[in-house]
Amino acid sequence: MTQSILRAQGVSKRVRTADHDLTILDDVSLDIKLGQSVAIIGPSGAGKSTLLGLLAGLDTPTDGEIWMGEHQITATNEEGRAAIRAKMVGFVFQTFQLLGSLTALENVSLPMELSGQRDARQRATEYLAKVGLAERLSHYPKQLSGGEQQRVALARAFACSPKILFADEPTGNLDQATGLKISDLLFDLNRQSDTTLVLVTHEQRLAERCESIITIDDGRLLSQVTS
Amino acid sequence: MNFIDVKLLWRDWKGGQLNLVVSALVLAVMVVTAVSLFADRVERGLNQQITSFLASDLTLRGGIEISDDYRAKAQELNLQTADLALFRSMVFAGDNNHLASVKAVSNAYPLRGEVELSDDLEIGKLSNHTNGPASGEAWVEARLFNLLDIKIGDKIEVGYLKLTVTHLIVNEPDRGTGFTAAGARVMMSIDDLPASQLVRPGSRIGYRFLMSGDDRSIETYKKWYQKREDALKNSSELKHFRLVTPENAEEQLADAMQRGRAFLLLSGTIGVLLAGLAMALASQRYASRLTDQVALMKAWGQSTGSIRRSQFVRLFIIASVSTILGMLLGWLSHYMLLEVAKGVLNVELPLPGARPWIVAVVTGFVCVLGFALPALWHLPTIEPLRVLRRDLPDSLLGQGRRLAIGVVSLLVLTYWYSESLITSLLFLGALFALFAVCALVALQFLKLVQNLGSWRGSFVRLGLANLWRRRGQTLVQLVGFSTTLMLLLVVTGLRTNLIAEWEAQLPEDTPSHFLYNVADREVDAVKQVLADSNVTTTPWFPMVRGRLVAINGEAITRERMSQSDGLSREVNFTQTVDLPTSNEIVDGQWWSSPPAGLEFSMEEQVATEIGVGIGDEIEFSVGGIKITATLASIRSVDWQSMNPNFYVVFYPGALDRYAPNWVTAVRAAKSTNVNRGALAKQAPFVSKMVQLYPTAVVLELGDVIARIRDVINRVTQGLELILFLVLICGALVLFAAIGVSYDERLRENAILRTLGSSKKIIIGALAVEFAMLGAIAGLIASMGAEAILFFVQKNVFDMVAQWHPSLWFVGIGSGVVLITVLGLARSRDIITVPPLQSLRQIT
Ligand SMILES: Nc1ncnc2c1ncn2[C@@H]1O[C@H](COP(=O)(O)OP(=O)(O)OP(=O)(O)O)[C@@H](O)[C@H]1O
Ligand SMILES: [Mg+2]
């Protein structure tokens, strides 16, 4: 059996709102193997983004434990989680989250520069070429279309060679044709780099391209189906 | 981490996100640097003079000739001594004359330092001298050459004496404070003084007794003097002399300078305050732009600590670069202040010391810590989850807390500038009170304007509605702008209007010249000269100078004297039968027949100040001789009348034995000579007068006013320069405040345009909004400025206050133009960017 890279055990998330306690996630357990691609699907408001945030160590669960590789990220504080994220994690977001004051090249090289990588610019150039933007290195995000922006975001995420890539609705803001191209690119890059991919989406077609599909509804895990 | 900080900062700068923060900081540092460099260099220049200020180790100063016991003690201690007499007198050559500052010195002068002389206007060869001019010679300041149209070797007349000009004075060790409001220097030998006949009982002459010697003897003399003083503390003996040491001379000047520097820096503080406000607003916007970036970095695994460190590094770089730039610009602009001050300051300016630079650096960093950092403080603690949930609240420091930090920073700076907690509290208190009043008035105007909008055309309504809807912001802009504009209007008003208005309000029959120091035996002849020249005079008054020594038999102690100005200095006495015009009796009776004993009348304010009433017996001393008289009446005096006026008036006879000098005011026809250059401005009778009666002094009122105007001009020009920089700070506040609502405006206007509003309507609404903002700011500024000028006219100049229509015109006009232009320029993206793009930019 392959090694698991991400494991959740009895994870719940409750928040206190003005009048009552709200349970967003209820007793979710799952296991994601190294190199696997996993889709989290479910209706809007089901708790997909919340689960993604917990798995990525951006937030802490109310109950339960989460392991990322050999690290139990629920047993450490934010500084500890930050260190683990720095080592293992990459992100792609629905709203791209490019920095408006930086060029495409700068956007891609920034996280590598932050982690002190020497050949940041070179790698950034290389990955921008891989996503087909070799000609657009010095363009600013506002000069790029939505699909192009998301391609920059993909280059940024993969250039860091993360062990796990978290993607929250990466095609949610794009039209269907563009979304299709982006997802092709995403899976291409994923295959090339052996990254574990955790993908939140409510598009069935996108989910079906993953090796495993986790369905949640109303904060509960309904099924984890591995094809 | 460090290299990437610089890179990110550079990108933020290129993206224009730091423009406002940096320019506000640069301006604040620039204002403070310029002002403190200026103050420091002037201060140093004056201090440098002081070190040889006395031309001696000790100087005894007196209003009467130095008495023998002081000389004897100096002799006993084997001190070297020299004598000086200082006074103003007319000097003339040919048809030209000038009211000069004459300094008669004994040959031993100067005991310390050297007189630098030149024989050439080009200042070719300098020669240093440790002795004064020989009998029959005069050394003069270069500007006298122009004033009298003379050259080396020519004769000038001083009193009844002709002296040959042998040298030009380039520098003298005891030149004085460096302020050159007085006439040009003429140095002569004290041995020639009697022959000049310039010294009379009533003349105002300063005597100086210079001493130098070894440290022990000097110490002994000082102790001896102090003992003598202590013994006399409670006696009624007049204090005629004062011992000046380099230390206490320096102390006095240092005090005055300290006050001057504090004043300048405090006016600069208004700039710092506005710049700080702009910085705070701009930083808040910068912070909201950085939020996503920080959240992203944290998601990528940057720790709070490293982001905090990075924040400090960036702020440090911003502070350093801006401060250096500000210091550079401040250095350049302090030359403008020096240029303005050049005419009234006559000192070598040494290079500045370290303090102005320290002031600049501290100002820069305190501004960053007090205004920028609080708005950015929460950034490192932003939760990484924000990358997924953008609705998470950010824990921005509360507005109240940021305000408090800002105010404390300002207090720290003003306290440090003024070195007085009370001054800084009062200053800031007054400033904030002014702001509060402006804000209240502005709010009323806004309400008024809001109602106005409801019945106007569409874009007018839109613009005015915006003004009210964002009234918080509007108020910040209004207050920042109107207070600076107000101060600028006041200062400009002082410079351009006040003196002219005051002059215009002088009555038709205001004298044009004052004539004084006319000897008893010359009076009749002088009257004849004046009559021949067809000029009229006010009545002639005999005048002596004296002081009060006892009230109702009770001697006035030195302690008491020091509390009242009217007691401590010599004042002018006269005697006359008729009540002088422009005097009114407020208590007692003016004499209708000769009184039985000696009686006198006193000016109202002095009487109140020293607390005397009708019937009190007062003893006076005139040149050491005492007379006692009864207070018969108290007068109010209209000083505005420009007639000779007196604090103490005796019934005729009382002053006869004191050999009074005579004074009068002359009304000559207004000089029609437009070219009032140095050589061509004299009324014809003046040259006749001074040539025939050389010891008399003629003072032209026009000259006096011109001198006052010159000083006011320079002071206000200097202030205008500072306030102009402050106004730019006000413009930055405007920019920053627009920035606060910028994204909102961008979105609103995009929506309006997609809904079909034309570009015209949007520009129109913006223009209406800014023009109205400018009009209100200008209106408040004009109201405030007019009020301040009203107060100054009433209370300082004692004149009928006037309206200044031009001030309102300029105030409102410049408010509208400035704010509309700046506002539209700042908002041009809102207008020009296509709606689709601006909608995309925001989401
Ligand atoms: N901190 C919080 N406080 C209150 N409610 C929260 C909080 N976090 C999440 N929720 C709520 O929990 C529910 C699940 O949120 P989540 O963002 O995980 O849904 P989602 O499955 O990603 O939905 P979508 O497909 O629309 O993105 C939502 O109803 C959301 O409003
Ligand atoms: Mg979601």
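The values are calculated or read from the model by the stated rules, or taken from the named source; none is laboratory data. Given the structure is predicted, the values throughout are model-derived calculations rather than measurements. Cβ: placed from backbone, ideal geometry, glycine included. Neighbour counts: every protein chain shown.
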> B:Met188 passes all but one of (1) modelled with pLDDT of 85 or more; (2) more than 17 Å from B:Arg88 (Cα to Cα); (3) in a strand (DSSP E or B); which number fails?
Replying inline: (2)
> Considering only residues of the range B:299-320 that are more than 24 Å from B:Val22 (Cβ to Cβ) and out of contact with any Lys or Arg (no Cβ under 8 Å at 6 or more places or on another chain), which is surrounded by the fewest Cβ atoms within 10 Å (Cβ to Cβ)?
Replying inline: B:Gly305
> Among the numbered criteria (1) within 14 Å of chain B (Cβ to nearest Cβ); (2) modelled with pLDDT under 90, which single criterion is violated by A:Asp21?
Replying inline: (1)
> Restricting to helices (runs of 4 or more DSSP H) lying wholly in the range B:393-485: which have 2 or more residues that are assigned by TED's automatic domain parsing to the domain that holds B:Glu769 and without any contact (Cβ under 8 Å) to a residue 40 or more places away in the chain?
Replying inline: B:421-453, B:458-469
> Does at least one position in the range B:550-573 carry a residue that is under 36 Å from the mean Cα position of the chain (by Cα), at pLDDT 85 or above and β-branched (Val, Ile, Thr)?
Replying inline: no
> Considering the range A:164-195 alone, what residues qualify as being within 16 Å of ligand 2 (Cβ to nearest atom), assigned to a loop (DSSP other than H, G, I, E, B) and on the phi < 0 side of the Ramachandran plot?
Replying inline: A:Pro170, A:Thr171, A:Gly172, A:Asn173, A:Leu174
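Results for (1) more than 9 Å from every other protein chain (Cβ to nearest Cβ); (2) surrounded by fewer than 24 Cβ atoms within 10 Å (Cβ to Cβ); (3) within 16 Å of ligand 1 (Cβ to nearest atom), shown as yes or no for each residue.
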position: A:Asp31; (1), (2), (3): yes, yes, no
position: A:Ala39; (1), (2), (3): yes, no, yes
position: A:Ala46; (1), (2), (3): yes, yes, yes
position: A:Gly69; (1), (2), (3): yes, yes, no
position: A:Arg85; (1), (2), (3): no, no, no
position: A:Leu114; (1), (2), (3): no, yes, no
>> Here is a list: A:Tyr127, A:Tyr140. Which entry is more than 13 Å from every other protein chain (Cβ to nearest Cβ) and of a type in the set (Phe, Trp, Tyr)?
In response: A:Tyr127
> Is it fair to say A:Gln72 is over 29 Å from A:Glu208 (Cα atoms) and more than 16 Å from ligand 2 (Cβ to nearest atom)?
Replying inline: yes
> For the range A:164-191, how many residues are more than 16 Å from ligand 1 (Cβ to nearest atom) and either touching a Ser or Thr at 6+ places or on another chain (Cβ under 7 Å) or within 14 Å of chain B (Cβ to nearest Cβ) (or both)?
Replying inline: 5
> For the range A:101-112, how many residues are at pLDDT 90 or above and either within 16 Å of ligand 1 (Cβ to nearest atom) or within 11 Å of another protein chain (Cβ to nearest Cβ) (or both)?
Replying inline: 7
> Failed condition for A:Ser4, given (1) surrounded by fewer than 20 Cβ atoms within 10 Å (Cβ to Cβ); (2) within 14 Å of chain B (Cβ to nearest Cβ); (3) away from ligand 1 (no atom under 16 Å from the Cβ); (4) not charged (D, E, K, R), with all others met?
Replying inline: (2)
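The rows are residues; the columns are (1) within 14 Å of chain A (Cβ to nearest Cβ); (2) among the acidic types (Asp, Glu).
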{"position": "B:Glu348", "(1), (2)": "no, yes"}
{"position": "B:Pro374", "(1), (2)": "no, no"}
{"position": "B:Leu392", "(1), (2)": "yes, no"}
{"position": "B:Arg401", "(1), (2)": "no, no"}
> In the range B:696-725, what residues are assigned to a helix (DSSP H, G or I), of a type in the set (A, V, I, L, M) and over 15 Å from B:Gly493 (Cβ atoms)?
Replying inline: B:Leu701, B:Val704, B:Ile705, B:Ala706, B:Ile708, B:Val711, B:Leu721, B:Ile722, B:Leu725
> Looking at (1) surrounded by fewer than 21 Cβ atoms within 10 Å (Cβ to Cβ); (2) within 16 Å of ligand 2 (Cβ to nearest atom); (3) within 14 Å of chain B (Cβ to nearest Cβ), which is the only condition A:Val198 fails?
Replying inline: (1)
> So which residues in the range B:491-538 are touching a helix residue (DSSP H, G or I) at 6+ places or on another chain (Cβ under 6 Å) and assigned to a loop (DSSP other than H, G, I, E, B), if there are any at all?
Replying inline: B:Ser512, B:Ser533, B:Val535
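To keep it simple, each residue is scored yes or no on (1) within 13 Å of another protein chain (Cβ to nearest Cβ); (2) among the hydrophobic types (A, V, I, L, M, F, W, C); (3) within 41 Å of the chain's Cα centre (by Cα).
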residue: B:Ala275; (1), (2), (3): no, yes, yes
residue: B:Ala280; (1), (2), (3): no, yes, yes
residue: B:Ser288; (1), (2), (3): yes, no, no
residue: B:Ala299; (1), (2), (3): yes, yes, no
residue: B:Ile307; (1), (2), (3): yes, yes, no
> If you take the residues in the range B:606-618 that are in contact (Cβ under 8 Å) with a residue 60 or more places away in the chain and buried (at least 19 other Cβ atoms within 10 Å of the Cβ), which one is farthest from B:Gln589 (Cα to Cα)?
Replying inline: B:Ile610
>> Show the residue pairs meeting these rules: Cβ distance below 9 Å; 6+ apart or different chains; first residue within the range B:333-361 and modelled with pLDDT of 85 or more; second residue part of a loop (DSSP other than H, G, I, E, B) and hydrophobic (A, V, I, L, M, F, W, C).
In response: B:Leu338/B:Leu349
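Residue-by-condition table, conditions (1) over 22 Å from B:Leu498 (Cβ atoms); (2) surrounded by 13 or more Cβ atoms within 10 Å (Cβ to Cβ); (3) of a type in the set (D, E, K, R):
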| position | (1), (2), (3) |
| --- | --- |
| B:Arg753 | yes, yes, yes |
| B:Ile762 | yes, yes, no |
| B:Met772 | yes, yes, no |
| B:Ala777 | yes, yes, no |
| B:His804 | no, yes, no |
| B:Ser814 | no, yes, no |
| B:Ile819 | yes, yes, no |
| B:Ala825 | yes, no, no |
> Out of curiosity, is B:Thr537 at pLDDT 85 or above, closer than 30 Å to B:Val686 by Cβ and surrounded by 13 or more Cβ atoms within 10 Å (Cβ to Cβ)?
Replying inline: no
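Just to be sure before I move on: is B:Met783 under 19 Å from B:Ala737 (Cα atoms) and more than 14 Å from chain A (Cβ to nearest Cβ) in the structure I sent?
So B:Met783 does not fit the description; no.
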> Quick one: would you say B:Arg355 is among the charged types (D, E, K, R) and more than 14 Å from chain A (Cβ to nearest Cβ)?
Replying inline: yes
> Which condition breaks for B:Met327 when tested against (1) in contact (Cβ under 8 Å) with a residue 60 or more places away in the chain; (2) surrounded by fewer than 20 Cβ atoms within 10 Å (Cβ to Cβ)?
Replying inline: (2)
>> For the range A:48-64, give me each residue that is within 12 Å of chain B (Cβ to nearest Cβ) and more than 15 Å from ligand 1 (Cβ to nearest atom).
In response: A:Gly57
>> Go through (1) within 16 Å of ligand 1 (Cβ to nearest atom); (2) assigned to a loop (DSSP other than H, G, I, E, B); (3) in contact with a helix residue (DSSP H, G or I) (Cβ under 7 Å, 6 or more places away or on another chain) for A:Leu98 and report which single condition fails.
In response: (1)
